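Below: the structure, in structure tokens.
The values are calculated or read from the model by the stated rules, or taken from the named source; none is laboratory data. Note that this is a predicted model, so its numbers are computed, not measured. Note that each Cβ is placed from the backbone with ideal geometry, even for glycine, and that neighbours are counted across all protein chains shown. Please note that ligands, DNA and RNA were not included when accessible areas were found on the heavy atoms of the full protein model with its side chains. Shrake-Rupley method; radii C 1.70, N 1.55, O 1.52, S 1.80 Å.
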Amino acid sequence: MLIRTAHEVGLLVRDRRKAVRLTQSQLAERVGASRQWVRLLESGKPRLEVGLTLRALSALGISLDASFSESEETPRV
């Protein structure tokens, strides 16, 4: 699955959380965050802490795979 936006991350997290039958509160407890934070993650808020987001993905069994497309330009720094 190709994820391009924070909104798409949120949808993925929400769908997976429901599939594994966790409440927002239960996921928050596993991640070490508040239920409000999980709600913001699932709503696609773009400026949430990366560390917590990665812990949420891990808690849900979601792994990330970073790859580069040959057709994309190299970003300038």
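Numbers below:
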| item | result |
| --- | --- |
| Net charge, Leu40 excluded, C-beta distance under 12 Å - Lys, Arg +1, Asp, Glu -1 | +3 |
| Estimated FRET transfer efficiency (Arg39, Ile3; beta-carbon r; R0 22 Å; 0.05) | 0.70 |
| Per residue accessible area of the chain, 1.4 Å probe, in Å² | 79 |
| Amide H partners (placed H, <5 Å) of Leu48, local residues excluded | none |
| Neighbour net charge for Ala59 - beta-carbon separation under 15 angstrom, K R +1, D E -1 | +4 |
| Accessible surface of the chain [probe 1.4 Å, protein heavy atoms]: carbon and sulfur percent | 50 |
| Estimated translational D of the chain in µm²/s (Stokes, Kirkwood radius over Cα pairs; 10 °C; 1.306 mPa s) | 120 |
